[in-house]
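What follows is a short report on a single structure.
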Amino acid sequence: MNSITRRWLRGSLLVTLLLVALAEGLFIASSWSGYYNEARQSILSRISSISGQLNIVTGTNPALTAAGRSQLLHRAVEQFDDKDKFEFMLLDSSGQPLITSSGALVRYTEAPEDFLEALVSTTGQGELIYTDASGQRVMAITVLVPYACEEAAAMRMLTNLSLVDELLVRQTAIALGIGALILLFTVWSGLFFVGSIVRPVRQIEEAATAIARGDLSVRLPDAPYNDEIGRLCRRINEMAEELSKTERLQNEFISSVSHELRTPLTSIRGWVETIAAIRDPEDENYRKGLSIIGRETERLYAMVEELLSFSRLQSGVKLECQPLDLVAEVTDAALFMQPRIEQDGLQLVYEEPEVPLPIWADPARLRQVFVNVLDNAVKYSSPGGAITIDLLQEGDNAYVVISDQGKGILPEDLENVKLKFFKGKGAARGSGIGLAVVDEIMTALDGEANIDSTFGVGTTVTLRLPLYKHGADK
């Protein structure tokens, strides 16, 4: 049995059992006490009624002798109406019956306990519940006669409790049956509810174990309820989907980088062999080979630097920020990229603003952002197109807007272009992590990078940075 079920049995079910047992006990005790009280009050009311009538007769006739009072008591016993329910008797001063309503002559071996209790009680009343010789329970109440004559000392009334006990036994059985049904229903509903939690939790555990082993194809079935378990199942499925997507992107990234590294290495290797065979520095192929080797080496160096930079970013972006003029930083990046832009047959459109835009940033990281975005613009633009850089200020933010007239990004790829390792359809050469690096750095600088693109028209990257206010804490 699993631990959740054990905790439920030890906790909720045990508490329910105790509460039901307590309620049953209180109900049964209340029922027995209530019915016995009713029997007691019934006896006392009859004794009180007879006593009251005798008191009235005695009070209206003060000259009534002791013999007359005794005769009245005897007549009250003989004329007692409820002989089928009660037995009424007069007791003498020793506790022995003088007369009974049933007419039977009874002799006690010793005075009844209820009579002895009445003698010592301040109320002149005594009570006894006992089992008679036939095995039936009997309630007896004795009340001293306040106008006691020489012959009669007390009135005693008895009633058989068998019917009361039978009724109480039936009610107790019904109460216990109801309590058992409540417990059975509680156990059934509890096990059903616990099972509805344990089964999906077990499935979640198995799925998590499979994912931990590297099986990213596992998925949990849709939960029938939109509760915490259902939402957890959906989140785990989403996590597995994201992990699967990331793994696919990583594999594509490794394949892409391997290809990107192999191409310049193959070129370098071939030209090294060619140069080694020529051995003539004046040969045109010799000079061409050295140029290609240098260019491909720079390409490899840039790619490795990008990979190392991305690796460092994954461990946390470490910034060395200081007050900067955004205009100056954008201008430096534009001047750095301008030869490359013109070499590819493109035009750079940039008009440097006259008003500085103060920001708080790391100059090296900020330059990396601008170069990566401009490099992408160059890669995806055709000769004859233009790359435009605009600087804007709005409220407490500064914006760098870089637009190109390239082939744009497919709508289905647009939402993923900032993901690490992602390379959309028709992507140009490169590692596929340039925009992921841009997004990481901009987030670390309390800014953001937004990309808008229309396939076949061009792409616009908007970089937002908060303006720096002198004296503000950073």
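The values are calculated or read from the model by the stated rules, or taken from the named source; none is laboratory data. The structure displayed is predicted, hence computed values, not measured ones. Cβ: placed from backbone, ideal geometry, glycine included. Neighbour counts: every protein chain shown. Quick note on the areas: whole protein, heavy atoms, side chains included, nothing else; ligands and nucleic acids left out. Shrake-Rupley method; radii C 1.70, N 1.55, O 1.52, S 1.80 Å.
Suppose we look only past 23 Å in the calculated P(r) of region 91-244. What percent of the Cα-Cα pairs does that tail hold?
Summing the P(r) tail past 23 Å for region 91-244 gives 65 percent.
How large is ³J(HN,Hα) for each residue in region 361-378, as worked out from phi by the Karplus curve 6.51 cos²θ - 1.76 cosθ + 1.60 (θ = phi - 60°), to whole Hz, x for Gly and Pro?
7, 8, x, 5, 5, 5, 4, 4, 4, 4, 5, 4, 5, 5, 5, 5, 4, 5
I'd like to compare 360-367, 40-47: which one has the highest average count of other Cβ atoms within 10 Å, and what's the full order after that?
Packing order, densest peptide first, comes out as 360-367, 40-47.
For region 83-176, state what percent of all Cα-Cα pairs lands in each successive 5 Å bin, counting from 0 Å until the bin that includes the largest distance.
All Cα pairs considered, the percentages come to 3, 13, 21, 24, 16, 10, 6, 4, 2, 1, 0.
If I stretch the segment between E78 and V349 completely, what's the gain in nm (0.36 nm per residue apart, minus their alpha carbon distance), one decimal?
84.5 nm
So, with +1 on the Cβ of K and R and -1 on the Cβ of D and E, and no other charges, what is the size of the charge dipole of region 328-415 about its Cα centre, to the nearest 20 debye?
So the dipole magnitude of region 328-415 works out to roughly 320 debye.
What ³J(HN,Hα) values, in whole Hz, does the Karplus curve 6.51 cos²θ - 1.76 cosθ + 1.60 give for region 191-201 when θ = phi - 60°, with x put for Gly and Pro?
Listing the rounded values in order: 5, 5, 5, 4, x, 5, 8, 5, 4, x, 5 Hz.
By how many nm would the segment from E412 to L184 grow when fully extended, if each residue of separation counts as 0.36 nm and the alpha-carbon distance is taken off?
76.4 nm
If packing is taken as the average number of other Cβ atoms within 10 Å across a peptide's residues, how do 403-409, 386-392, 184-190, 452-458 rank, most packed first?
Those peptides, ordered most packed to least, come out 403-409, 386-392, 452-458, 184-190.
Identify all lysines with a Cα-Cα distance to K418 below 29 Å; exclude those on the same chain that are fewer than 8 residues away in sequence.
K245, K318, K379, K407, K474
How would you rank 105-111, 226-232, highest first, on the average number of other Cβ atoms within 10 Å across their residues?
Sorting 105-111, 226-232 by mean packing, highest first, produces 226-232, 105-111.
In square angstrom, rounded to the nearest 10, how much accessible surface does F336 have for a 1.4 Å probe?
120 Å²
Got a sec? What order do L14, L168, L163 fall in by accessible area at 1.4 Å, biggest, i.e. largest, first?
L163, L14, L168
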